[in-house]
Structures are given as C-alpha cells and as structure tokens.
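Peer 1: First the structure, which I've put down as structure tokens, then a few questions once you've had a look.
The values are calculated or read from the model by the stated rules, or taken from the named source; none is laboratory data. Note that this is a predicted model, so its numbers are computed, not measured. Please note: Cβ atoms are built from the backbone with ideal geometry, for glycine as well, and neighbour counts cover all protein chains shown. These accessible areas exclude ligands, DNA and RNA; they are computed on the full protein's heavy atoms, side chains included. Shrake-Rupley method; radii C 1.70, N 1.55, O 1.52, S 1.80 Å.
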Amino acid sequence: MTEPVLERLLADETETARLGEDLAFAVRAGDVLALKGDLGAGKSTLARALIRTLADDARLDVPSPTFTLVQSYDTRIPVHHFDLYRLSSANELDELGFEEALTQGAALVEWPERAEGELPKTTVLIELVQHGEGRLALLSGQGAAFDRAARSLAMRGFLESAGWGEAHRRHFIGDASARSYEIVTLAGQEPRVLMNSPRLLLGPPVRDGKPYAVLAHTAQSVSAFVAIDRALKARGVSVPEILAEDLDQGFLLLEHLGSEGFLGKDGEPVAARYAAAAELLAMMHGKSWPRRLEAGPGRFHEVPPFDRDAMMIEADLLVDWYVPAISGGPASDDLTTGYTREWNALFDRLRGSEYTLMLRDFHSPNIIWRGDRSGHDRLGIVDFQDALIGPAAYDVASLAMDARVTVSPDIERQTLDAYVAARLAAGPFDTDAFREAYAIMAAQRNSKILGIFVRLEKRDSKPYYLRHLPRIRDYLRRALSHPALASLKDFYDTHGLLEERAL
C-alpha cells in the first residue's frame, strides 16, 4: 500500500522553522521523526525549531549532534536528537540507546538512511529537497504519528485561512479528552487560543448496543461547543468569542479570556471566588434555555438530557473501574445489583427537581478569574461542550466539591449559601428540595469521578489522577451524610467503598 505524502512549500528558513514548530505539536513519546536531505537542506533549522517549541524556549541552545551522535532534551515531551551520519553499521543504533530513548520520549533522526531499514515502520519521514529559491518538504508515513502530523499541518492551514498563518504556536493545556489547546501569538494582535477538537471516536458497545459516549451524551463534535458558547454569551456569561471556525475539521480560533486561574496564588480555594461562581450559576439557572441551539447556518445542536441512562452509566464507572482496583477482581453480582437498585431509588427522587442547562464540569480548571472586571464578568467560563439539560444542583455540586482542589466544609457551605441566597433574592426557591438534589448529584458525580480517575490510570496511563482519590472519597462521605442518602451510605459502608486505600 502506498504511503500518503504531504507536501509543504517552504520559501525560506522562517517557514522551515515554522514546519518544525508545527511538527512539535504532533509529537508523542515513542514517535520517530526522520529528517532526510542534503547538507544545507534545512534539517538543522527544522530540528532546532521543533526542540525549542517542545522546550517552550526560543533561545534554547540546540547544538548539532554530529559528533556526540545523540543529544537529549528534557522538554514537555522528552526528545532525543540523533545524527547517524557517522554510523558504520545500523547495529550501532543499539549502542546509542535508541530503543530505550523511545520508551522515554520521541526520537528525531538525521541521516536516517544510515539506519538501513532498522527504524520503526511507523517512522514519519520528512524529506527536504531544493525547490527553486526555497525547499519542498515531503512528509510520508503511516499510523497515529503521521495522522497527528497531518492534523497539526491542517491546523496551520486553518490559521492561514484566518489570517494567522505566521502566528507562533505554544502549548497551552490538554485535558482528559482528545481535545487540546494552544496559545497563538501574532505581532500587533492580542494572543488567541487555538482549539483542536477532533471528532469523538466512539468506543465499543457497553450497554444496549450503545457505546459509553452515546449513553453518557458526550459531545461528538465541536459544533456542540460553538452552539453552547453562543447561547451562553447571549445570556450574559463570559465565554470565549469565536473568531474563526472550521466545524468540519474541529478547529476554533478563540478569544483568550485571561491567564489567572480561579484558585489563589498557592492553589488554594478562595471563598469569595467560589461564592461569585455560585452566584453566576444562580443567574444562569434563572434563565430559560432552549434545547435546540444554532451552531452555524443550517447547523444545530440538540442539547441532550441528563436522563436516567446517562446518570447510571456514569455512576457505574465506580463499579466498572474503582471496585476492581480496590478489590483485585470484578464486582460481584450482589454488589452490582444492589448498587443499581440504590441509585435507581435516588434517581426517582429527582423527578421533581429543577432542570436547566447543566455545564457538567463547572469547577476550577474551567473557570478563569478576571479580578479587574466586575460582577459576573469576573468569571470566564470554558470547556462546556458536554452540557446537558439536567438538575440545577449538579453544577453547584461540581463547583462546591471541586475534584481538583480540596474545598473545606466551610467553603463548601459558604458556596451553597451564596447560591441559595442569590436564588431567593430572585424569587421563590425551594431550598430543601435543592439541598436534597445537591446531595444526590454530589454523590453521583463523585462516584463517577472515582471510576474515571482509576480508568485514566489503568486504561490511559495517566497515574497522576490517583492522587485525587482521598479527596473524592471525603466528598462522597459529605454527600452521603444527607438523610435522603442514608440507604446508599449503608450500602457503600457495607461494601467498603469509602475506606481509604492505596492504589
């Protein structure tokens, strides 16, 4: 099968460096990028730009590895720069520690022809050839590494169509999904955020012939973000303005709302900020939200309901992932049956709850603090594409029991009080019903998170999420202290689901 080939015309050294920058955003541990070309073709320029981008340091010294044969860099993704020109045999790759380097990071290889076919089949080849006054870059390969490179080049094409083709790209943040974000800068312009949101790949069926993402109503395309963004902005919520979009490819150029996180300087929760966020939720929950939102001309997003199936498939993550991790084996039929029974009884109690637009992950990583603003404009909100129509109490629970930071019982209480006070100031509000729904949603969300954080470690090799588990168990204990959850609390206690365990 013929490998796909991508062509990029590079008019000068600046554009060669820009290609290196683009490729840096595609690199992952285990990747091999092979640079082929005559002396003076621009291999060193490309390699230097790629390594400096990964290091986020435009002045990093990147010497040629011609004499050392390999130079290693402890960058965002460790990269090992090999020069094979002086290899007398491909067998010498082992002596250079090539395979070990791939277990630690990525490899950038100059003069790959000296490897005599010993490089992995998934190697991405970048060949630089003279083309008039400039160069032509030919990229070929197969597999995930090549696909990522192709997507990164497509992102540059999107920037070019938006008038930002000469922008510098800098890693901003990634999340637990396949989405990623970059900061892009261009002389004379305010920094922007480049959002890369590939279409969701649905996994295997898990229940009733449906994948998990379908049952949980996870957004499958960037259209959801666009539609919800516009609806929120129209109702007074500070969300990023969309400056350019490609809904088919999943690229957005967004306003940069600011750099200050929602937490204090030491990463601690600030009570006044949590109260302000609670008041923003109260304002939102006092408005009407249509279920059909426009994403663009002729494109609409139907906001899904947070129905029983979605609530249950999320809660079941505890049984599917957390229980095996703490017990060493799958959950028993008795535990699974009882768990489903207890949760269904609680979901029945939500029937009379207030339902509204539920952003789903309304917590510190997705809130930007803008202290120079006033009122609700102090809070910039991002990451809401998975929003549903669900219980108003859910987002309050997401905020007051912030999964990424320890919120004390006092700050949790103050956050709830601020929300309730704002709702009462706006009109009649059933406080008791809200607090019961809050406890149920807090228990459901934190049960889900216990499972998700274990899944991220077991399935996705992201062990750093496990450090949050003691906090999540504490939040669960708080939620289960509500009288309406007494039966569920007994069930969790009986099966040891809240015991402190080292995973």
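Peer 1: Please work out if LEU23 is modelled with pLDDT of 95 or more, surrounded by fewer than 17 Cβ atoms within 10 Å (Cβ to Cβ) and in contact with a strand residue (DSSP E or B) (Cβ under 9 Å, 6 or more places away or on another chain).
Peer 2: Considered against the rule, which asks whether it is modelled with pLDDT of 95 or more, surrounded by fewer than 17 Cβ atoms within 10 Å (Cβ to Cβ) and in contact with a strand residue (DSSP E or B) (Cβ under 9 Å, 6 or more places away or on another chain), LEU23 comes out as no.
Peer 1: Moving on to the next point. With (1) open to solvent by 20 Å² or more (accessible area, probe 1.4 Å); (2) of a type outside the set (D, E, K, R); (3) modelled with pLDDT of 95 or more as the list, and VAL5 as the residue in question, which single condition is left unmet?
Peer 2: Answer for VAL5: the failing condition is (3).
Peer 1: In this structure, does ALA41 turn out to be farther than 21 Å from GLY157 by Cα and touching a Ser or Thr at 6+ places or on another chain (Cβ under 6 Å)?
Peer 2: No.
Peer 1: Run ASP395 past the list (1) open to solvent by 20 Å² or more (accessible area, probe 1.4 Å); (2) assigned to a helix (DSSP H, G or I); (3) acidic (Asp, Glu) and report the number of the one that doesn't hold.
Peer 2: (1)
Peer 1: Which count do you get for residues in segment 377-392 that are in contact with an Asp or Glu (Cβ under 8 Å, 6 or more places away or on another chain) and not in a loop (DSSP other than H, G, I, E, B)?
Peer 2: 1
Peer 1: Among the candidates PHE362, PHE306, single out the residue that is under 19 Å from TYR394 (Cα atoms) and touching a Gly at 6+ places or on another chain (Cβ under 7 Å).
Peer 2: Answer to the check: PHE306.
Peer 1: A further question on this structure: Would you mention how many residues in segment 473-503 are farther than 15 Å from ALA397 by Cβ, without any contact (Cβ under 8 Å) to a residue 24 or more places away in the chain and part of a helix (DSSP H, G or I)?
Peer 2: Residues that pass the stated criteria total 7.
Peer 1: Right, next: Tally up the residues in segment 116-162 that are within 27 Å of the chain's Cα centre (by Cα), without any contact (Cβ under 8 Å) to a residue 60 or more places away in the chain and over 20 Å from PHE98 (Cβ atoms), please.
Peer 2: 3
Peer 1: Here is a further query. Considering only segment 214-221, I want to know if a residue exists there that is closer than 30 Å to GLU21 by Cα and not aliphatic (A, V, I, L, M).
Peer 2: yes
Peer 1: Residues being in contact (Cβ under 8 Å) with a residue 60 or more places away in the chain and open to solvent by less than 50 Å² (accessible area, probe 1.4 Å): count how many of those fall in segment 26-53.
Peer 2: Total meeting the criteria: 15.
Peer 1: Would you mind telling me which numbered condition in (1) under 20 Å from ALA49 (Cβ atoms); (2) surrounded by fewer than 19 Cβ atoms within 10 Å (Cβ to Cβ); (3) not hydroxyl-bearing (Ser, Thr, Tyr) VAL109 fails?
Peer 2: Of everything listed in (1) under 20 Å from ALA49 (Cβ atoms); (2) surrounded by fewer than 19 Cβ atoms within 10 Å (Cβ to Cβ); (3) not hydroxyl-bearing (Ser, Thr, Tyr), VAL109 misses just condition (2).
Peer 1: Continuing with the same structure: Please go through segment 9-20 and give me each residue that is of a type in the set (S, T, N, Q) and surrounded by fewer than 20 Cβ atoms within 10 Å (Cβ to Cβ), ordered by number.
Peer 2: THR14
Peer 1: For segment 220-246, what are the residues that are open to solvent by 20 Å² or more (accessible area, probe 1.4 Å) and closer than 18 Å to THR356 by Cα?
Peer 2: ARG230, LYS233, ALA234, ARG235, GLY236
Peer 1: Which pairs turn up if I take residues in segment 200-219 that are surrounded by 19 or more Cβ atoms within 10 Å (Cβ to Cβ) and look for partners that are assigned to a strand (DSSP E or B) with beta carbon separation below 8 Å, at least 6 apart in sequence or on another chain?
Peer 2: The qualifying pairs are LEU215/VAL206; LEU215/ARG207; HIS217/PRO305; HIS217/LEU388.
Peer 1: Do you know which residues across segment 332-360 are in a loop (DSSP other than H, G, I, E, B) and surrounded by 19 or more Cβ atoms within 10 Å (Cβ to Cβ)?
Peer 2: Within segment 332-360, LEU350, SER353, LEU359, ARG360 qualify.
Peer 1: Hey, does segment 423-436 have a residue that's surrounded by 13 or more Cβ atoms within 10 Å (Cβ to Cβ) and under 22 Å from the mean Cα position of the chain (by Cα)?
Peer 2: no
Peer 1: Hey, another quick one. Any residue at all in segment 86-95 that's modelled with pLDDT of 90 or more, charged (D, E, K, R) and either out of contact with any helix residue (DSSP H, G or I) (no Cβ under 8 Å at 6 or more places or on another chain) or open to solvent by less than 40 Å² (accessible area, probe 1.4 Å) (or both)?
Peer 2: Looking through segment 86-95, none of the residues is modelled with pLDDT of 90 or more, charged (D, E, K, R) and either out of contact with any helix residue (DSSP H, G or I) (no Cβ under 8 Å at 6 or more places or on another chain) or open to solvent by less than 40 Å² (accessible area, probe 1.4 Å) (or both).
Peer 1: OK, next. For segment 401-422, which residues satisfy the criterion of being crowded, with 24+ Cβ neighbours inside 10 Å and in a helix (DSSP H, G or I)?
Peer 2: If the condition is that a residue be crowded, with 24+ Cβ neighbours inside 10 Å and in a helix (DSSP H, G or I), then THR415, TYR419 are the ones that fit.
Peer 1: When the residues of segment 251-261 are filtered to those that are at pLDDT 95 or above and in contact with a helix residue (DSSP H, G or I) (Cβ under 9 Å, 6 or more places away or on another chain), which remaining residue is surrounded by the fewest Cβ atoms within 10 Å (Cβ to Cβ)?
Peer 2: In this case the residue turns out to be LEU254.
One line per residue, one yes/no per condition, for (1) in contact with a helix residue (DSSP H, G or I) (Cβ under 6 Å, 6 or more places away or on another chain); (2) under 19 Å from ALA310 (Cα atoms):
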site	(1), (2)
SER180	no, no
THR185	no, no
LEU194	no, no
SER197	no, no
LEU202	yes, yes
PRO205	no, yes
PRO211	no, yes
ALA216	yes, yes
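Peer 1: Here is a further query. Given the conditions (1) under 20 Å from LYS233 (Cβ atoms); (2) touching a Pro at 6+ places or on another chain (Cβ under 6 Å), and given that LEU357 satisfies all but one, which numbered condition is not satisfied?
Peer 2: Among (1) under 20 Å from LYS233 (Cβ atoms); (2) touching a Pro at 6+ places or on another chain (Cβ under 6 Å), the lone unmet condition for LEU357 is (2).
Peer 1: Return the residue satisfying two criteria in turn: it lies in segment 26-52 and is in a helix (DSSP H, G or I) and not polar (S, T, N, Q), and of such residues it is modelled with the lowest pLDDT.
Peer 2: Per the criteria, the residue is LYS43.
Peer 1: Also, quick follow-up: So which residues in segment 279-336 are aromatic (Phe, Trp, Tyr) and under 30 Å from PRO428 (Cβ atoms)?
Peer 2: Matches in segment 279-336: TRP289, PHE306.
Peer 1: Could you look through segment 147-185, keep only residues that are open to solvent by less than 60 Å² (accessible area, probe 1.4 Å), hydrophobic (A, V, I, L, M, F, W, C) and within 30 Å of ARG455 (Cβ to Cβ), and pick out the one that is modelled with the lowest pLDDT?
Peer 2: That would be ALA176.
Peer 1: May I ask you to list the residues in segment 186-199 that are surrounded by 17 or more Cβ atoms within 10 Å (Cβ to Cβ) and among the polar types (S, T, N, Q)?
Peer 2: Selection gives ASN196, SER197.
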